[in-house]
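The values are calculated or read from the model by the stated rules, or taken from the named source; none is laboratory data. This structure is a prediction, so every number in the text was calculated from the model and none was measured. Ideal geometry is used to build each Cβ from the backbone, glycine not excepted, and the neighbour counts take in all protein chains shown.
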Amino acid sequence: MSESPPSKQPQQGGDGGPGPDSGGPGRWRLPLVRLGQGPLTRRFLGVPWLFAVAYAAVGFSLYFSIGVVADRGLGLTPLVFLAAGFLFVLATLSYVEGGAMFLERGGSSTLARHAFNELISFIAGWAILIDYIIVIALAAVSVPHYLSPIWGGFTHGWAEITVAGVVIAFTAAVNIAGFTGHVRQRPLIVLALADIALQLAVIAAGAIVAMHPDLLTAHVHLFTTPSARHIVEALAVATLAFAGIEAASDLAPDLEWEPRDLRRVVSSTAVLLPLIYAGMAAIALMAVPVVPGPHGLHTALGERFIEEPVLGVVKSYDPAWLSTVLQVAVVAIAPAVLAWAASTSMLGLSRHVYVLATNRQVPSWLGKLGKRSTPYVAISAAALIAFGIAVPGDVRLLAGIYAFGATLAIAIAHLSVIRLRWTEPDRERPFRMPFDVAVGGRNLPLPAIVGAVLMVLLWIAVLTFRGNARWVGGGWMLFGLVAYVVYRRFVERTSLTKRVSVPEEALRKEVREAEYGNILVPVFGTKLDDDIVSTAGRLADAADQPGEERPRLEVIYVLDLPLTVPLDAPAPTERLEAAEAALKRAKEVGEEYETVEVETDLVRARSVGAGIVDEARRRNVELIVMGGEPPTRVRGGAILGGIGGSRPPEVGEVTEYVLKKAPCRVLLTAPPEG
């Protein structure tokens with residue numbers, strides 16, 4: 001027996017999950033938040049609140065990115081971060097325009113799906129997955145170092161590994177349990193504002209006690225110290241500043257933005273974010289300056305404090321009381337922000353795997369949903385990989401791998417927006433980035449063009465200058481592409497570029513019990529009728545519950561009449577007798593199940609299949625149980641007198657019609673051969 005899903009689809013969100021008002025499962029989805037004019041906006045001051053949350057979604061990267069960038073950028077690190085902020089603004093414009101168009105999860109992968117095809121979408125999606133894992137590992141590695149003022153042992157050995165493992169395990173647990181998407185908003189808003197306040201306080205205090213601009217340029221000789229290669233490397237690694245942009249873009253289906261709000265958030269981000277990044281980097285390099293050493297110029301930010309650069313900055317402040325106060329603030333806020341960042345990245349990863357799995361880009365078992373509607377297999381696997389790469393504690397390698405994935409994915413996002421402007425110029429765009437250029441009669445976005453070129457160049461720089469990142473990132477992508485080809489070609493047997501979607505139910509672990517209280521059973525006067533009615537009776541009997549309405553079998557015999565005969569015209573006597581005999585026999589078999597009510601009816605229709613489907617709709621049944629036509633012995637399909645074309649032998653014209661058109665599930669009992 002085989003069972004087909006209903007042809008009608010439940011209300012869904014953009015990623016194939018339950019829609020915000022569907023009342024269906026999906027506890028890991030954030031609650032829908034409407035922004036603009038309304039109580040929520042008035043309560044949280046609208047755009048300032050939006051900016052706080054949006055900034056916190058990416059601003060956490062300062063807690064581990066300054067050190068690895070300063071390792072190569074030296075005194076030019078502030079300018080590198082200023083340039084990275086410019087690249088971030090370009091990326092934000094593309095993500096916001098694309099995200100507002102489709103309101104679907106998946107970030108650059110979803111944009112590539114609409115602009116190009118499934119293969120390009122998978123390339124972007126697979127690159128994003130490694131970046132999510134890297135962010136989790138970086139956050140986990142940094143947390144024990146930010147706890148070092150409490151106990152110095154946290155920075156090395158078993159304690160460091162244990163704390164990192166606890167952070168990753170906590171991240172996995174809260175995401176599997178579905179808590180991340182349903183945590184109350186107020187604590188997160190408070191943490192976001194505390195994060196911004198701490199960063200501004202560090203900048204303000206540094207401007208007072210560590211303002212020595214000459215230290216920034218003391219050892220800078222343009223294109224020599226640091227070299228052009230190191231500047232490019234630093235800029236590529238500075239894409240860590242983008243950590244969280246994909247997770248933030250996943251908020252698109254959860255937030256209803258007013259176009260005015262979008263413009264205000266993007267414009268405020270464009271101004272403030274690069275300034276905060278550059279300001280923090282400038283203060284950091286003045287507080288912990290570049291100095292000569294046995295192996296050349298260096299800064300402790302890229303060595304001793306590479307895992308906890310912000311803590312290293314405040315430790316360098318004088319007077320001591322100010323340093324102590326800010327250390328307390330950093331210890332109180334930074335670990336919480338980093339744990340939130342890891343949880344947010346894991347949430348983004350779980351949503352991303354869900355989108356890939358429902359679009360048959362990864363196997364269903366990887367996106368399998370548990371009782372809390374979370375992809376527990378993917379989360380568990382990501383946690384294990386994150387812990388494995390966090391144990392060595394090589395922040396430089398992790399940053400290089402992240403740059404490999406980020407530059408590739410963001411370049412694809414830019415190119416997708418450009419292509420959509422070309423192929424769908426008239427499509428409604430709630431947000432449209434400024435500064436178009438006319439090309440071939442199309443208005444293409446200049447920021448996306450510039451961003452795409454720069455990101456491709458930075459990706460090439462990572463491949464050229466970061467050997468370990470090249471091999472690890474390249475190996476990750478090669479493994480993913482080979483697995484994708486094998487899965488699509490030999491498992492799904494479908495095209496590499498064609499979109500194939502499945503409903504959320506295909507990813508669920510639990511198998512729904514086959515209990516149906518209202519079943520339609522078409523009979524045809526064949527020997528198979530007894531088996532069909534018995535199958536339906538067992539299913540209905542299993543649904544019987546004390547105190548509830550008794551389950552019911554609605555047995556019908558469809559009398560098909562030609563168009564030349566009115567439906568209410570008398571039918572041939574022999575056909576009526578055959579129908580009545582079939583219904584009588586079906587009632588006898590069905591009534592063997594004492595808990596089941598059996599109703600019979602003769603239905604007149606132009607075709608048997610249409611009659612069955614119409615009755616299923618009219619009666620609002622939960623299931624149709626029917627038998628397939630006997631397999632034909634004539635080869636060659638309908639042309640030579642057989643039943644079927646390319647259909648399986650047990651699926652004839654009537655069965656095929658019902659399977660395609662039925663408004664409910666269909667249980668098919670295949671007939672025996674002979």
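The rows are residues; the columns are (1) of a type in the set (Phe, Trp, Tyr); (2) part of a loop (DSSP other than H, G, I, E, B); (3) over 49 Å from the mean Cα position of the chain (by Cα); (4) at pLDDT 85 or above.
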residue	(1), (2), (3), (4)
Arg538	no, no, no, no
Arg575	no, no, yes, yes
Arg617	no, no, no, yes
Val621	no, yes, no, yes
Ile624	no, no, no, yes
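Here is a yes/no grid of residues against (1) outside any loop (DSSP other than H, G, I, E, B); (2) at pLDDT 85 or above:
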{"position": "Gly296", "(1), (2)": "no, no"}
{"position": "Phe305", "(1), (2)": "no, yes"}
{"position": "Val310", "(1), (2)": "yes, yes"}
{"position": "Asp318", "(1), (2)": "no, yes"}
{"position": "Ser323", "(1), (2)": "yes, yes"}
{"position": "Pro335", "(1), (2)": "yes, yes"}
{"position": "Leu338", "(1), (2)": "yes, yes"}
{"position": "Ala378", "(1), (2)": "yes, yes"}
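Candidates Ala320, Ala334: the one that is on the phi < 0 side of the Ramachandran plot and touching a residue at least 60 places away in the same chain (Cβ under 8 Å) is Ala334. The single condition among (1) farther than 16 Å from Leu111 by Cβ; (2) of a type in the set (S, T, N, Q); (3) part of a helix (DSSP H, G or I) that Ser416 does not satisfy is (1).
Residues of region 424-465 being in a loop (DSSP other than H, G, I, E, B), out of contact with any strand residue (DSSP E or B) (no Cβ under 9 Å at 6 or more places or on another chain) and surrounded by 13 or more Cβ atoms within 10 Å (Cβ to Cβ), which ones?
Keep residues of region 424-465 that are in a loop (DSSP other than H, G, I, E, B), which gives 424-435, 440-441.
Then drop every residue that is not out of contact with any strand residue (DSSP E or B) (no Cβ under 9 Å at 6 or more places or on another chain), which leaves 424, 426-431, 440-441.
Selection gives Glu424, Arg429, Pro430, Phe431.
Scanning region 484-505 for residues that are closer than 14 Å to Glu118 by Cα, in contact (Cβ under 8 Å) with a residue 12 or more places away in the chain, not charged (D, E, K, R) and not in a loop (DSSP other than H, G, I, E, B) returns Tyr484, Tyr487. The condition of being within 20 Å of Val141 (Cα to Cα) and either assigned by TED's automatic domain parsing to the domain that holds Ile150 or in contact with a strand residue (DSSP E or B) (Cβ under 8 Å, 6 or more places away or on another chain) (or both) holds for only one of Ala332, Ala320, that being Ala332. Is it fair to say Gly106 is small (Gly, Ala, Ser), surrounded by fewer than 24 Cβ atoms within 10 Å (Cβ to Cβ), touching a residue at least 40 places away in the same chain (Cβ under 8 Å) and not in a helix (DSSP H, G or I)? For Gly106, the condition - small (Gly, Ala, Ser), surrounded by fewer than 24 Cβ atoms within 10 Å (Cβ to Cβ), touching a residue at least 40 places away in the same chain (Cβ under 8 Å) and not in a helix (DSSP H, G or I) - is not met.
Just checking, which of Ser148, Ser121 is modelled with pLDDT of 90 or more and not in a helix (DSSP H, G or I)?
Values: Ser121 fails: not in a helix (DSSP H, G or I).
Exactly one residue qualifies, and that residue is Ser148.
Can Phe404 be described as assigned by TED's automatic domain parsing to the domain that holds Thr171, under 14 Å from Tyr132 (Cβ atoms) and surrounded by 15 or more Cβ atoms within 10 Å (Cβ to Cβ)? So Phe404 fits the description; yes. Return yes or no: is Val355 free of Cβ contacts under 8 Å to residues at least 24 places away in the same chain and assigned to a helix (DSSP H, G or I)? The answer is no for Val355.
Can you name the residue in region 580-590 that is surrounded by 14 or more Cβ atoms within 10 Å (Cβ to Cβ) and not basic (Lys, Arg) and is also nearest to the chain's Cα centre (by Cα) among such residues?
If we take residues in region 580-590 being surrounded by 14 or more Cβ atoms within 10 Å (Cβ to Cβ) and not basic (Lys, Arg), then Gly590 is nearest to the chain's Cα centre (by Cα).
Gly525 falls short on exactly one of the conditions (1) small (Gly, Ala, Ser); (2) closer than 22 Å to Val654 by Cβ; (3) modelled with pLDDT under 90; (4) crowded, with 19+ Cβ neighbours inside 10 Å, and that condition is (4).
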